[in-house]
Amino acid sequence: MTEPKTLCRNPQPAKAGTRIPTWKYEAVRAGILDILSDAGEQGVLLKDLKPALRAQLSPEILAKIGSLGWHMMTVKLEMEAAGDITRVQGPGPQKLMIVTTA
């Protein structure tokens, strides 16, 4: 039986999406949302997201997930394409925050 997979799109429409196991998508997405939610309007620098995600996920998930950096970027791009998170505009390193609806 094949493992269920989730399509992770790229916010740039010309770039193809990637399918990853759904359990990996859900674990990484939940971790990113928790981290960005805790950061609030200050957001999180992209360079700080991977260490924060490593601390957020259980050792069991980290052992099974494979390349955390690759999965983090794949899920992050899907979350941007879906409008769940956004890049904070301005100079300097890439910073991310949750999209809030008023």
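For segment 43-70, the set of residues classified as over 22 Å from LYS95 (Cα atoms) and of a type in the set (Asp, Glu) consists of GLU60 only. Being of a type outside the set (A, V, I, L, M), touching a Pro at 6+ places or on another chain (Cβ under 7 Å), under 19 Å from GLU3 (Cβ atoms) and at pLDDT 95 or above holds for only one residue in THR22, THR74, and it is THR22.
Is it the case, given these coordinates, that ILE85 is modelled with pLDDT of 95 or more and surrounded by fewer than 18 Cβ atoms within 10 Å (Cβ to Cβ)? No.
Take segment 43-63 and flag every residue that is surrounded by fewer than 12 Cβ atoms within 10 Å (Cβ to Cβ) and part of a helix (DSSP H, G or I). It would help to see each step written out before you state the result.
Keep residues of segment 43-63 that are surrounded by fewer than 12 Cβ atoms within 10 Å (Cβ to Cβ), which gives 47, 51, 55, 58-60, 63.
Passing the criteria: LYS47, PRO51, ALA55, PRO59, GLU60, ALA63.
Quick one: which residue in ILE32, ILE65, ILE85 is touching a helix residue (DSSP H, G or I) at 6+ places or on another chain (Cβ under 9 Å) and more than 26 Å from GLU3 (Cα to Cα)? First the steps, then the outcome.
Values: ILE32 fails: more than 26 Å from GLU3 (Cα to Cα); ILE65 fails: more than 26 Å from GLU3 (Cα to Cα).
Within the list ILE32, ILE65, ILE85, the selection yields ILE85.
Taking segment 19-42 as the range and being surrounded by fewer than 18 Cβ atoms within 10 Å (Cβ to Cβ) and under 25 Å from PRO93 (Cβ atoms) as the test, the residues that pass are ALA30, LEU33, ASP34, SER37, ASP38, GLY40, GLU41, GLN42.
The values are calculated or read from the model by the stated rules, or taken from the named source; none is laboratory data. Computed from a predicted structure; not experimentally measured. Neighbour counts run over all protein chains shown; Cβ positions are idealised from the backbone, glycine included.
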